[in-house]
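Following: one structure in structure tokens, then a few remarks.
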Amino acid sequence: MPNKMDPAALTADLVRCPSVTPNEGGALVLLESLLGQAGFECTRVDRGEVSNLFARWGKRDAARSFGFNGHTDVVPAGDEAAWSVPPFAADIRGGMIWGRGATDMKSAVAAFVAAAVDFVSDTPPEDGALILTITGDEEGDALDGTVALLDWMDVQGEKMDVCLVGEPTCPNHMGEMMKIGRRGSMSAWITVTGVQGHSAYPHRAKNPLPAMARLVDRLSSHVLDEGTDHFDPSTLAVVSIETGNETTNIIPATCRATVNIRFNDTHSSASLSEWLQRELDQISDAFGVAAEMEVKVSGESFITPPGPLSDLVAGAVEAETGVVPQLSTSGGTSDARFVKNHCPVVEFGLVGQTMHQVDERVEIAQVHQLKAIYTRILKDYFV
Ligand SMILES: [Zn+2]
């Protein structure tokens, strides 16, 4: 198949759009125009200060639909003086495109847009639809991005049967890893309150610190699980303990601690919250202090069990790279945590070594390789 739309040139064009979250920066305008010309029906789904793009080729009620999801927003460049190149110039050096968003993830958006555009012009699938959901809010709060697109799709009766998220998934070498799920993430802000007093008369005070020390020791030494077939063991990290007390003659009234839990599919945020609450109650009883917490959930754990979708993607990766990708659930969260409520979802993208770093860059050859993989996935899915 002729390599008509150049995914590397499109990557460079996108890097030149300064789309620091939540600014659209011209990136979605560019994609909307390219996709519109290629026969995709495009709708801007904007919510709050965020811009998103929905694009469908084929009929809404097509027998089969394949979806790609990605984001064009990027994290800030940070200290621009620390960069070897201007962060939004898309300089080409040493066979690489340099700039913010080059790996995370304008290159993957360019690769799936190029693959989709060429695919529908070369081998338009009969009774099939391609759906691209591209958000401008993944790196920010992610409240008005993919969530807004999926909400809008529900209302409109738009449906993806399966979806591939193009986040960078390979740690070192192209093709070595895809993601079939992600661990959940939640944080708890814990406050233990006693009675303030003079440190020379500790019996007249109620010191919250020993209670907190016991609590964080219990929490951090607890084995949450041993891992499952597809997940590493869940982890709890104590990330802060503070009293703000700078004196030596006062026992403070309160102590605060923060913990972050990354959990697999043997838990839910609800079951973990219950466990934390039981631990707090015990400490409260044992020490005669008050122990309270506030919980924030970033995402539940999820998995798309190995099956037709992971086989499809893994097969295309192997055919194009010669590498059999590992099916992983490692790493942080991504928008796949929202897409999983809509349809089966897996993630495959480039090597993510320089994402969010100064001098973020991507190998041009890898961008072409990624387009070839995405093209093969579409062929194998529809043909
Ligand atoms: Zn990303």
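A few notes on this one:
- Some residue of region 285-295 being in the same structural domain as ASP217 (by TED's automatic domain parsing), in contact with a helix residue (DSSP H, G or I) (Cβ under 9 Å, 6 or more places away or on another chain), part of a helix (DSSP H, G or I) and at negative phi: yes
- Where strands (runs of 3 or more DSSP E) fall wholly inside region 170-278, the ranges with 1 or more residues that are in contact (Cβ under 8 Å) with a residue 40 or more places away in the chain and buried (at least 21 other Cβ atoms within 10 Å of the Cβ) are 177-179, 184-193, 254-263.
- The residue that is surrounded by the most Cβ atoms within 10 Å (Cβ to Cβ), among those in region 105-120 that are more than 14 Å from the ligand (Cβ to nearest atom) and β-branched (Val, Ile, Thr), is VAL113.
- Within region 1-42, the set of residues being free of Cβ contacts under 8 Å to residues at least 24 places away in the same chain and closer than 26 Å to ASP141 by Cβ comprises GLY26, VAL29, LEU30, GLU32, CYS42.
- Residue, nearest to ARG262 (Cα to Cα), within region 148-207, restricted to residues that are within 16 Å of the ligand (Cβ to nearest atom) and among the basic types (Lys, Arg): ARG182
- Failed criterion for GLY25 (all others in (1) within 16 Å of the ligand (Cβ to nearest atom); (2) touching a helix residue (DSSP H, G or I) at 6+ places or on another chain (Cβ under 7 Å); (3) within 16 Å of ALA102 (Cβ to Cβ) hold): (2)
- Options SER65, SER33: the member that is loosely packed, with under 14 Cβ neighbours inside 10 Å and either within 16 Å of the ligand (Cβ to nearest atom) or closer than 25 Å to GLN369 by Cα (or both): SER33
Conditions tested, residue by residue: (1) of a type in the set (Gly, Ala, Ser); (2) touching a Ser or Thr at 6+ places or on another chain (Cβ under 6 Å); (3) modelled with pLDDT under 95.
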| site | (1), (2), (3) |
| --- | --- |
| ALA114 | yes, no, no |
| MET153 | no, no, no |
| GLU158 | no, no, no |
| MET174 | no, yes, no |
| ILE180 | no, yes, no |
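- Condition check for GLN366: more than 21 Å from THR133 (Cα to Cα) and either within 16 Å of the ligand (Cβ to nearest atom) or outside the structural domain of ARG218 (by TED's automatic domain parsing) (or both): yes
The values are calculated or read from the model by the stated rules, or taken from the named source; none is laboratory data. Computed from a predicted model, the values in this text were never measured in an experiment. Counting neighbours? That spans all protein chains shown, and the Cβs are built from the backbone with ideal geometry, glycine included.
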